[in-house]
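Asker: Below are the C-alpha cells for one structure; questions will follow.
The values are calculated or read from the model by the stated rules, or taken from the named source; none is laboratory data. If you're wondering where the values come from, they're calculated on a predicted model, not measured in any experiment. Neighbour counts run over all protein chains shown; Cβ positions are idealised from the backbone, glycine included.
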C-alpha cells in the first residue's frame with residue numbers, strides 16, 4: 001500500500017489551520033507523534049503561538065487492563081487553558097479514546113473556549129462520537145494494521161505501516 | 001514377645017560393630033546377637049534386609065509442651081513423633097508451665113509418659129525455683145522423682161553468685177548442670193544473629209559474644225567448683241573453640257548442638273522466614289562450618305533435635321513476634337545423615353552422635369546393643385527419601401524451614417523394650 | 001543450605017506487585033518510578049490536582065504505628081489519583097487482645113480493598129502481610145521496624161536527581177542513627193543500586209549496625225572527615241529514647257560531635273544539598289541555620305514525596321494479576 005507523504009500532509013494541514021487561528025489560539029500536541037506533528041505545524045505557521053504537550057497516560061480508559069504505560073512523559077501546558085481556543089493535534093485518529101482522554105485532561109487544567117481536533121491520518125474505526133475538523137488524509141485500514149508516525153534525526157516525518165497480531 | 005530381626009546391617013558404635021547380623025529379642029531384652037539361641041522360636045520376624053539396625057536414638061532435648069502448653073502440642077502427639085523419628089529416649093527441658101521445679105510435677109509427667117508406652121522420658125529439673133534464677137530447687141528430691149540433671153532451659157541466670165552456688169550444690173550430689181550459654185544482657189530483645197543479615201533486615205541482633213562470654217563464665221566457675229556441666233545448643237565458632245580447649249585441659253564439660261544448626265545459617269532467614277526464628281539464632285556460615293567440624297572431631301559430643309513444636313498461629317506473625325523454635329524429632333536422623341554424607345563422616349560415627357555419645361552425657365547404660373540390655377532399637381533405611389510435609393510429620397508442630405524438602409533416611413521400625421512402637 | 005525464594009515484590013511477569021523494600025529492585029525499576037513521578041509533579045501544579053487513574057479503587061492506610069505525617073502524604077497521593085482512602089490507626093494495645101495482624105488484614109480484604117499502605121513497628125511486617133493477602137491486593141510498605149521505608153528512599157532519590165541530575169558522580173553522606181533507621185537502609189540500597197560510587201555513613205559506633213560496610217558503604221566516625229567533599233548530606237532523625245542511656249550519654253554531646261552546623265557543612269562541596277526525612281530535632285541532629293538555609297532541600301523533599309507515592313501506587317495498581 002502506498003502511504004502518503006507525511007511532510008506534504010503537514011503542509012496541507014497547516015494551510016487548513018491558518019484561517020482558523022485567532023488571538024487566543026494555542027497548539028497542543030499529544031504524545032508522541034502528535035507532539036512531533038504540532039512542532040512541525042508550529043514551525044510552518046511561523047508565528048508566535050503557544051505550544052503545549054499532553055501525555056494522556058493518566059487518563060486512559062484501559063488502565064485496569066494494561067496498567068500504566070511503560071514510558072510516561074510529563075504533560076507540559078505552559079499557558080492558562082481557560083478561555084483559549086485549543087487546536088489539539090494527533091497523528092492518527094482511530095477509536096477516539098485518546099482524544100477523549102486528552103479532552104478530559106485539558107479540562108483539569110482549566111475551561112477552554114473551544115477545541116478543534118487536527119489529525120494527520122483518519123483511519124476510521126471510531127468507537128466514540130468524535131470527529132476531526134482538520135484532516136491530512138483518510139485511509140481505509142484493516143484492524144490488524146497499525147499505522148505510525150516516525151521522525152528521523154533530521155526532523156523529517158514519515159508514516160509507516162505494520163501488521164499486528166491481534 | 002520374641003522377635004527375630006533378620007538380615008539387617010547392625011551398627012553398634014560402642015562395640016565397634018558394623019556387620020550384617022541378626023538380633024534375637026525376648027522379654028523386652030536383647031537375647032542374642034548373631035546366632036539364634038538353640039530353643040528360640042520367634043513370634044515375629046522383622047525383615048531388615050537393606051536396613052540399618054542400631055540402638056534407639058537418644059535425644060538430649062525435646063519439648064513435649066506438657067504441662068501447661070498443650071495448645072502448642074500434646075504429650076501424645078510428640079511422643080508419637082519421637083518414635084516415628086527413631087527416638088527411644090528423650091530428655092525434656094524444665095521450661096513447662098509451671099516449670100519442673102517440684103517433685104510432684106516430675107512424677108506426673110513421667111507417669112503420663114510411661115502410660116503411653118512409647119519413648120522413655122528423662123526430665124531435666126529446674127535449677128532454680130520457677131526458673132527465676134534466684135533460689136535453688138530441691139535437687140535431691142527432684143532427682144529421686146526422676147530428674148536426670150538440672151537446667152535453666154532458656155531462662156536467664158544473671159546472678160553469678162547464684163550460678164556458683166547452684167553448681168556447688170548440684171555437684172555435692174554428683175548431678176550435672178545443663179546450661180545454655182547466653183549472656184542475657186547482650187542477647188536482650190535479639191531475634192537473629194547480629195551480623196550482615198540482621199543488619200540488612202533491621203532485626204535486633206544477638207552477638208556471637210553473648211555465647212562465648214557466657215561460656216567463659218561457666219568454665220571459670222567450673223574450675224572453681226569442680227562441677228560437671230553440659231553446655232546446650234552451641235551456635236558459634238568461638239564457643240566450639242573454647243569447649244575444645246576446656247576439654248583439652250580436662251574439664252568435665254560436654255556439649256551438644258541442635259541438628260538444624262548443622263545446616264542453616266543467618267542467610268536462610270531470606271525474606272523474614274519465621275521458621276528460621278530459633279534461639280540460639282542461626283549464625284554466620286563460618287560459625288555453622290565450625291559446628292559441623294566440631295561435631296566431626298568430637299568436640300561436640302552429641303546432636304539433638306532441640307524439638308520445639310509451635311502451633312501455626314504462633315509462627316504466622318512478623319518475624320520478631322513469632323514464637324522461636326523448630327520441630328525436630330522426625331528430622332533428627334535424616335538431618336544427621338545429611339551432615340554425615342556432606343562431611344564424609346562414616347555412618348557408625350554419625351550414629352554414635354545420636355546414641356552412644358548422648359548416653360555418655362547422661363551417664364546411662366544405653367545407646368548400645370548387647371545381650372541382657374533393654375531392646376531399644378531403631379531400624380531405618382538410610383537411602384530412602386521422604387518429603388517433609390505437615391502430613392508426613394507426626395508432630396503437631398510444622399515449624400521447620402525444611403518443609404517441602406526431600407531428605408534421605410526413613411525410620412521403618414522403632415522398638416522400645418522389645419515392643420514395636422512404630423512401623424511404617 | 002539455601003532455601004530459594006522468589007522475590008516477593010514481583011509478580012510472575014516480573015512486574016512490581018508490592019513495594020516492600022528497595023533491596024532487590026534493579027536500577028531500571030527505580031528509574032521508571034522516578035520518571036513516572038516526574039509526570040505527577042506537573043499534575044500537582046495544575047488547577048485540578050487530581051487525575052482519574054485509580055477511580056473506584058479502595059486504598060487502606062493501615063497504620064499499626066502512629067505517624068500523621070507519612071499517613072497524610074499517602075492520603076494526599078491516593079486522593080490525587082481519585083482513589084477512596086480509608087485511614088485506620090490500629091493501636092498496639094487493642095491489637096494484643098488476641099486479634100492478630102492477619103485477622104485485621106483479612107477483615108479489611110473482605111471489604112474489597114485494593115491496596116494496603118502498611119506501617120508497623122516490626123521489621124518484616126509488610127513482607128508478612130504481602131505474603132498472606134489475596135493476589136489482587138497490593139501492599140506498600142510505609143515503614144516496618146528498622147527494616148525499610150522504600151517510598152521515603154525513593155523520594156530522596158528523586159530529590160537528589162532533581163538537584164544533581166545524575167547519580168554516577170556523587171558522594172553522599174548519611175549521618176546519624178543508622179542502627180535504628182529504616183530510612184537509612186532504604187537510602188543505602190537505592191543509592192548503591194542507582195550507581196552512586198561513594199556512600200558514606202557517619203555515626204558513633206553505638207549507632208551503626210553490625211557489619212554495616214557489607215551494605216556497600218564507607219564508615220566514618222568523624223564529621224570533619226566524613227563530610228569532606230560530599231555532594232549530598234542526609235541527616236537522620238535521632239529518637240528521643242536513644243539520647244540517654246547505653247547508646248549516647250546526652251543530646252548535647254551528640255549535637256557537638258554529630259549535629260550539622262554551618263561550620264561543618266562548609267567542609268562539604270559548596271553546592272552540597274542537605275536533606276532530612278523529618279520530623280527534625282532542631283539543635284540535636286541539625287542546627288536551625290542549616291535546616292532553613294540555602295542548601296537545605298527539606299521542603300522540596302516533602303513535595304516530591306507526594307508525586308513519588310502517586311507513581312508507586314499507579315505502577316502497582318497497574319501491574320497484571
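Asker: Which of the residues spanning segment C:193-215 are within 14 Å of another protein chain (Cβ to nearest Cβ), over 17 Å from the mean Cα position of the chain (by Cα) and surrounded by 14 or more Cβ atoms within 10 Å (Cβ to Cβ)?
Answerer: Answer for segment C:193-215, where residues must be within 14 Å of another protein chain (Cβ to nearest Cβ), over 17 Å from the mean Cα position of the chain (by Cα) and surrounded by 14 or more Cβ atoms within 10 Å (Cβ to Cβ): C:203, C:207, C:208, C:209, C:210, C:211, C:212.
Asker: Continuing with this model, one more query. Quick one: is residue C:290 in a helix (DSSP H, G or I), away from chain A (no Cβ under 14 Å) and within 20 Å of residue C:181 (Cβ to Cβ)? Explain how you work it out, then say what you get.
Answerer: Details: in a helix (DSSP H, G or I): yes; away from chain A (no Cβ under 14 Å): yes; within 20 Å of residue C:181 (Cβ to Cβ): yes.
In short, yes.
Asker: Separate question: Can you name the residue in segment B:284-294 that is surrounded by 24 or more Cβ atoms within 10 Å (Cβ to Cβ) and away from chain C (no Cβ under 12 Å) and, of all such residues, is nearest to residue C:22 (Cα to Cα)?
Answerer: Step one: of segment B:284-294, the residues surrounded by 24 or more Cβ atoms within 10 Å (Cβ to Cβ) are B:287-288, B:291.
Restricting the remaining residues to those that are away from chain C (no Cβ under 12 Å) gives B:287, B:291.
Numbers: B:287: 29, B:291: 34 Å.
The qualifying residue nearest to residue C:22 (Cα to Cα) is B:287.
Asker: With respect to residue C:28, is the statement that it is more than 10 Å from chain A (Cβ to nearest Cβ), within 18 Å of the chain's Cα centre (by Cα) and either modelled with pLDDT under 95 or loosely packed, with under 15 Cβ neighbours inside 10 Å (or both) true? Give the steps one after another, and end with the answer.
Answerer: Working: more than 10 Å from chain A (Cβ to nearest Cβ): yes; within 18 Å of the chain's Cα centre (by Cα): no; either modelled with pLDDT under 95 or loosely packed, with under 15 Cβ neighbours inside 10 Å (or both): yes.
The answer is no for residue C:28.
Asker: Moving on to the next point. Can you say whether residue B:301 is touching a strand residue (DSSP E or B) at 6+ places or on another chain (Cβ under 7 Å) and within 30 Å of residue B:82 (Cβ to Cβ), as far as the supplied structure shows? If you could, list the steps in order and put the result at the bottom.
Answerer: Values: touching a strand residue (DSSP E or B) at 6+ places or on another chain (Cβ under 7 Å): yes; within 30 Å of residue B:82 (Cβ to Cβ): yes.
Yes: the conditions hold for residue B:301.
Asker: Find the residue count for segment B:304-353, including only residues that are without any contact (Cβ under 8 Å) to a residue 60 or more places away in the chain, within 13 Å of chain C (Cβ to nearest Cβ) and assigned to a helix (DSSP H, G or I).
Answerer: 3
Asker: In this structure, is residue B:358 surrounded by 24 or more Cβ atoms within 10 Å (Cβ to Cβ), outside any strand (DSSP E or B) and modelled with pLDDT of 95 or more?
Answerer: On the way: surrounded by 24 or more Cβ atoms within 10 Å (Cβ to Cβ): yes; outside any strand (DSSP E or B): yes; modelled with pLDDT of 95 or more: yes.
So residue B:358 fits the description; yes.
Residue by residue, here is whether (1) at pLDDT below 95; (2) assigned to a helix (DSSP H, G or I); (3) touching a strand residue (DSSP E or B) at 6+ places or on another chain (Cβ under 7 Å) holds:
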position: B:235; (1), (2), (3): no, no, no
position: B:240; (1), (2), (3): no, yes, no
position: B:243; (1), (2), (3): no, yes, yes
position: B:246; (1), (2), (3): no, yes, yes
position: B:261; (1), (2), (3): no, yes, no
position: B:264; (1), (2), (3): no, no, no
position: B:267; (1), (2), (3): no, yes, no
position: B:283; (1), (2), (3): no, no, yes
position: B:287; (1), (2), (3): no, yes, no
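Asker: Given the conditions (1) over 23 Å from residue C:191 (Cβ atoms); (2) assigned to a loop (DSSP other than H, G, I, E, B), report the number of the one that residue C:268 does not fulfil.
Answerer: With respect to (1) over 23 Å from residue C:191 (Cβ atoms); (2) assigned to a loop (DSSP other than H, G, I, E, B), residue C:268 is out only on (1).
Asker: Is there a residue being out of contact with any strand residue (DSSP E or B) (no Cβ under 7 Å at 6 or more places or on another chain), loosely packed, with under 13 Cβ neighbours inside 10 Å and at positive phi anywhere in segment A:83-101? Spell out how you get there, then give the answer.
Answerer: Taking segment A:83-101 as the starting set, the residues that turn out to be out of contact with any strand residue (DSSP E or B) (no Cβ under 7 Å at 6 or more places or on another chain) are A:83, A:94-97, A:100-101.
Filter once more, keeping what is loosely packed, with under 13 Cβ neighbours inside 10 Å: A:83.
After this cut, where a residue has to be at positive phi as well, the list is A:83.
The answer is yes, given that some residue of segment A:83-101 is out of contact with any strand residue (DSSP E or B) (no Cβ under 7 Å at 6 or more places or on another chain), loosely packed, with under 13 Cβ neighbours inside 10 Å and at positive phi.
Asker: Suppose the filter is within 26 Å of residue B:271 (Cβ to Cβ) and touching a strand residue (DSSP E or B) at 6+ places or on another chain (Cβ under 6 Å); does residue B:406 pass it? Steps first, answer last, please.
Answerer: On the way: within 26 Å of residue B:271 (Cβ to Cβ): yes; touching a strand residue (DSSP E or B) at 6+ places or on another chain (Cβ under 6 Å): yes.
Yes.
Asker: Ok, one more. Does segment A:93-117 hold any residues that are more than 14 Å from chain C (Cβ to nearest Cβ) and within 16 Å of residue A:133 (Cβ to Cβ), and which are they? Break it down stepwise before answering.
Answerer: Of the residues in segment A:93-117, the ones more than 14 Å from chain C (Cβ to nearest Cβ) are A:93-96, A:98-99, A:113-117.
Correct list: A:93, A:96, A:99, A:113, A:114, A:115, A:116, A:117.
Asker: Continuing with this model, one more query. Out of (1) surrounded by 15 or more Cβ atoms within 10 Å (Cβ to Cβ); (2) in contact with a strand residue (DSSP E or B) (Cβ under 7 Å, 6 or more places away or on another chain); (3) assigned to a loop (DSSP other than H, G, I, E, B), what's the single condition that is false for residue B:96?
Answerer: (2)
Asker: Now for a separate question. With a cut-off of at least 3 residues that are without any contact (Cβ under 8 Å) to a residue 24 or more places away in the chain and more than 14 Å from chain C (Cβ to nearest Cβ), name the helices (runs of 4 or more DSSP H) lying wholly within segment A:1-73. Step through it out loud before you land on a result.
Answerer: Working: elements: A:6-17, A:33-45, A:63-66.
Here the list reads A:33-45.
Asker: Keeping to segment B:175-209, report how many residues are within 10 Å of chain C (Cβ to nearest Cβ), in a loop (DSSP other than H, G, I, E, B) and within 22 Å of residue B:306 (Cα to Cα).
Answerer: The total comes to 4.
Asker: Counting only residues that are touching a helix residue (DSSP H, G or I) at 6+ places or on another chain (Cβ under 8 Å) and part of a strand (DSSP E or B), which one in segment B:248-259 is farthest from the other protein chains (Cβ to nearest Cβ)? Explain how you work it out, then say what you get.
Answerer: Step one: list which residues in segment B:248-259 are touching a helix residue (DSSP H, G or I) at 6+ places or on another chain (Cβ under 8 Å), which gives B:251-257, B:259.
Now drop any that are not part of a strand (DSSP E or B), which leaves B:253-257.
Numbers: B:253: 29, B:254: 26, B:255: 22, B:256: 20, B:257: 15 Å.
Ranking the qualifying residues of segment B:248-259, first place goes to B:253.
Asker: May I ask you to list the residues in segment B:365-385 that are assigned to a strand (DSSP E or B) and surrounded by fewer than 17 Cβ atoms within 10 Å (Cβ to Cβ)?
Answerer: Pass one, segment B:365-385, residues assigned to a strand (DSSP E or B): B:374, B:377-385.
Those that are assigned to a strand (DSSP E or B) and surrounded by fewer than 17 Cβ atoms within 10 Å (Cβ to Cβ): B:383, B:384, B:385.
Asker: OK, next. Quick one: in segment C:1-25, of everything that is touching a residue at least 24 places away in the same chain (Cβ under 8 Å), more than 18 Å from residue C:114 (Cβ to Cβ) and within 11 Å of another protein chain (Cβ to nearest Cβ), which residue is surrounded by the most Cβ atoms within 10 Å (Cβ to Cβ)?
Answerer: We begin by selecting, within segment C:1-25, every residue touching a residue at least 24 places away in the same chain (Cβ under 8 Å); these are C:8-9, C:11, C:13, C:15-23, C:25.
Still in the list and also more than 18 Å from residue C:114 (Cβ to Cβ): C:8, C:13, C:21-23, C:25.
Those still in the list that are within 11 Å of another protein chain (Cβ to nearest Cβ) too: C:8, C:13, C:21, C:23.
On the way: C:8: 19, C:13: 9, C:21: 28, C:23: 22.
Applying the filter and picking the extreme gives C:21.
Asker: Sticking with this one: Being closer than 26 Å to residue B:189 by Cα, without any contact (Cβ under 8 Å) to a residue 40 or more places away in the chain, part of a helix (DSSP H, G or I) and within 25 Å of the chain's Cα centre (by Cα) is the filter here, so list the residues in segment B:122-168 that pass it.
Answerer: B:129, B:130, B:131
Asker: Can I ask one more? Could you list, in sequence order, all residues of segment C:132-147 that are at the interface with chain B (Cβ under 9 Å from one of its Cβ atoms) and more than 21 Å from the chain's Cα centre (by Cα)? Show your work before the answer.
Answerer: Residues of segment C:132-147 that are at the interface with chain B (Cβ under 9 Å from one of its Cβ atoms), as a first pass: C:132, C:144-147.
Scanning segment C:132-147 gives a single hit, C:132.
Asker: Do we have any residue at all in segment A:103-111 that's within 12 Å of the chain's Cα centre (by Cα) and at pLDDT 95 or above? It would help to see each step written out before you state the result.
Answerer: Filtering segment A:103-111 down to residues within 12 Å of the chain's Cα centre (by Cα) leaves A:103.
Within this subset, residues satisfying the condition of being at pLDDT 95 or above are A:103.
Within segment A:103-111 (the criterion being within 12 Å of the chain's Cα centre (by Cα) and at pLDDT 95 or above), the answer is yes, since at least one residue qualifies.
Asker: If you don't mind, there's one more thing I want to ask. Out of the residues in segment A:113-132 that are modelled with pLDDT of 95 or more and loosely packed, with under 15 Cβ neighbours inside 10 Å, state the one that is nearest to residue A:37 (Cα to Cα).
Answerer: The selected residue is A:131.
Asker: Shifting gears a bit: What is the number of the single condition among (1) within 14 Å of chain B (Cβ to nearest Cβ); (2) in a loop (DSSP other than H, G, I, E, B); (3) out of contact with any helix residue (DSSP H, G or I) (no Cβ under 6 Å at 6 or more places or on another chain) that residue C:249 does not meet?
Answerer: (1)
Asker: With more than 25 Å from residue C:67 (Cα to Cα), assigned to a helix (DSSP H, G or I), touching a helix residue (DSSP H, G or I) at 6+ places or on another chain (Cβ under 9 Å) and away from chain B (no Cβ under 13 Å) as the only criterion, which of C:190, C:224 stands out?
Answerer: Details: C:190 fails: more than 25 Å from residue C:67 (Cα to Cα).
Within the list C:190, C:224, the selection yields C:224.
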